[in-house]
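Before any comments, here is the structure.
The values are calculated or read from the model by the stated rules, or taken from the named source; none is laboratory data. Everything numeric here is computed off the predicted structure, so don't read it as measured data. All Cβ positions, even for glycine, are placed from backbone atoms using ideal geometry, and neighbour counts span all protein chains on display. Just so you know, the surface numbers come from the protein's heavy atoms only, side chains and all, with ligands and any DNA or RNA stripped out. Shrake-Rupley method; radii C 1.70, N 1.55, O 1.52, S 1.80 Å.
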Amino acid sequence: MPELHLPWLELSVLLPVLGAIWVSMLKDRERARIHSIVICILTQICATGEWLDFASLGTFEAHDHWDVFQLILHRDVFVIDELSAPLLPLGALLYLTTVLTTLRTKINRFSFGWTLFSESILLATLSCRHPWLIILLLTVAIIPPFIELRKRNQNTRVFSLHMGLFVLLLVSGQLLVSADASPTNPSIIAGCLLTAGALIRSGICPLHCWMTDLFEKATLGTALLFVTPMTGAYAVIRLVFPIAPTWALQSIAILSLITAVYAAGMALVQRDSRRFFCYLFLSHSSLVLVGLEMAKPIGLAGALCVWLSVGISILGFGLALRSVEARTGRLTLANFHGLYEHTPFLAGMFLLTGLAAIGFPGTIGFIGMELLVEGAVEVYPLIGMAVVVAAMLNGIAVVKAYFHIFTGTRHTASISLRCRPAERITILILVVLIIGGGIVPQPGVESRYHAARVLLEHREVHGERIDNTQASETDDVSKDQ
């Protein structure tokens, strides 16, 4: 297997966890915030270096240079491919921008140590393809939000019940996966258990109430960091996709589509801003699952493009909402707040990222949504129409929320609500990514389409290899007899 020129993956994983230990020892919260920003910047550099290094190799997969874990465990623990290579810098960007936009008024409620620990776990998950290690990392990732809920004296019953069931289903399913499992010889029960666990983590209806509960009870930053990376979709593509038959994947796609339309409708009628954002995110993440389970190159490529575009745009949308909440407290969408005059930068970011998430022309999400609709129509014509309906409802919900938060009245404030320099930098970074990806989409689309084709080829080759092995064993037995 080709290797990277530097140990980017190990650095990306170790820097945040070492930083978490260091930051947790600092008693001055402002110093902890500054040190966390520096650590996140270094991690972002390593994750971006990994992506550029991998792209220069021209291969489908690669492992780290000077891989210490490979020398100790005698197996490739951290391996990236065309699917996961761009997800690492995206995950690092999520944490960097979240820490960067945390205002001084909120640093006592936001744990920088646990945030850096979560970043390390996320990057390790996205760098891993071994099923049992993925399950272990997904389980460990539950700890930081659970601890925060306990510290805030919030009821953790809903979150604990769903996450416990999620872990139980993944472990049970992986135990039942046979060595010869493939799309042509699926382990039906194991596949069902793994699918159910991954769908719970993704918040698929009707097992989505834990997500709204988390957004209501945890800090918005912690909730964003837990759900926005869409690790449930990553679990589906790593644990379910290689062994599930095509009909099973398409059944999951239909269930995800129902969730996308339902969540879009719910986002349209929400009066609480956090619940609105939760349902908006749930609708878009479900659309990603729709494309992932189509098992067609166009649909899968569209899902991979939407995965990246939604990750960037929903991140910006959530950070804009978080910044507004940091100034005014929790918002209700039943009234008009008229905040545009005080925070024009946040208003522009709110509208731009919201429209980019639904695939507005000229933004990074446009081509991905087009590919997703085309791939859906190729399988079931009515599914394509349902994707369009979900996008339409989401667009109406975004514009409606924009009007309620930023227009309709004149807001009077006794203190300045203008954007801080760190927030302006974050806005500029996300605007460049959203507009740049919309103006020059070809490199990203080409990369995602090639990744989709290779994933499907590996899925078919794996099934053929298992069938050939079984046939060879049958012939050997016949000769012996």
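Only a single criterion out of (1) open to solvent by 30 Å² or more (accessible area, probe 1.4 Å); (2) of a type outside the set (Lys, Arg); (3) at pLDDT 85 or above is not satisfied by residue 414, namely (3).
Of everything in the range 201-212 that is surrounded by fewer than 22 Cβ atoms within 10 Å (Cβ to Cβ) and modelled with pLDDT of 85 or more, the residue that is farthest from residue 243 (Cα to Cα) is 212. Collect the residues in the range 394-453 that are of a type in the set (S, T, N, Q), without any contact (Cβ under 8 Å) to a residue 40 or more places away in the chain and part of a helix (DSSP H, G or I), keeping them in residue-number order. 442, the sole residue that qualifies.
Applying the criterion of at least 2 residues that are modelled with pLDDT under 90 and closer than 28 Å to residue 456 by Cα to the helices (runs of 4 or more DSSP H) found wholly in the range 1-82 leaves 8-24, 29-57. Of all the residues in the range 340-358, those that are among the polar types (S, T, N, Q) and not in a helix (DSSP H, G or I) number 1. For the range 433-457, a residue qualifies if it is β-branched (Val, Ile, Thr), farther than 25 Å from residue 241 by Cβ and open to solvent by 20 Å² or more (accessible area, probe 1.4 Å), and the qualifying residues are 435, 439, 440. When the criteria are applied in full, residue 460 meets the requirement of being at pLDDT below 80, open to solvent by 90 Å² or more (accessible area, probe 1.4 Å), in a helix (DSSP H, G or I) and under 21 Å from residue 301 (Cβ atoms). The single residue among 401, 386 that is in contact with a Phe, Trp or Tyr (Cβ under 7 Å, 6 or more places away or on another chain) and open to solvent by less than 30 Å² (accessible area, probe 1.4 Å) turns out to be 401.
A Cβ distance below 7 Å, combined with a sequence gap of six or more or placement on separate chains, defines the contacts here; from the range 300-315, residues that are touching a residue at least 40 places away in the same chain (Cβ under 8 Å) and under 9 Å from residue 228 (Cα atoms) reach no residue that is open to solvent by less than 10 Å² (accessible area, probe 1.4 Å) and among the basic types (Lys, Arg). Scanning the range 84-135 for residues that are small (Gly, Ala, Ser), open to solvent by 10 Å² or more (accessible area, probe 1.4 Å) and not in a helix (DSSP H, G or I) yields one hit, 111. In this structure, does residue 363 turn out to be at pLDDT below 85 and among the polar types (S, T, N, Q)? Criteria not met by residue 363.
If you go through the range 136-173 and pick out every residue that is open to solvent by less than 50 Å² (accessible area, probe 1.4 Å) and of a type in the set (Phe, Trp, Tyr), you end up with 2. Scanning the range 136-148 for residues that are within 17 Å of the chain's Cα centre (by Cα) and either outside any helix (DSSP H, G or I) or of a type in the set (Asp, Glu) (or both) turns up 141, 142. Looking at this structure, is residue 320 among the small types (Gly, Ala, Ser), farther than 20 Å from residue 208 by Cβ and in contact with a Lys or Arg (Cβ under 7 Å, 6 or more places away or on another chain)? Judged against the criteria, residue 320 is not a match.
The residues in the range 359-376 that are open to solvent by 40 Å² or more (accessible area, probe 1.4 Å) and in a helix (DSSP H, G or I) can be counted, and the count is 4. Within the range 30-51, the set of residues being over 20 Å from residue 63 (Cβ atoms) and touching a helix residue (DSSP H, G or I) at 6+ places or on another chain (Cβ under 8 Å) comprises 30, 32, 33, 35, 36, 37, 39, 40, 41, 42, 44.
Of all the residues that make up the range 223-251, how many are more than 14 Å from the chain's Cα centre (by Cα) and among the β-branched types (Val, Ile, Thr)? The qualifying residues number 3.
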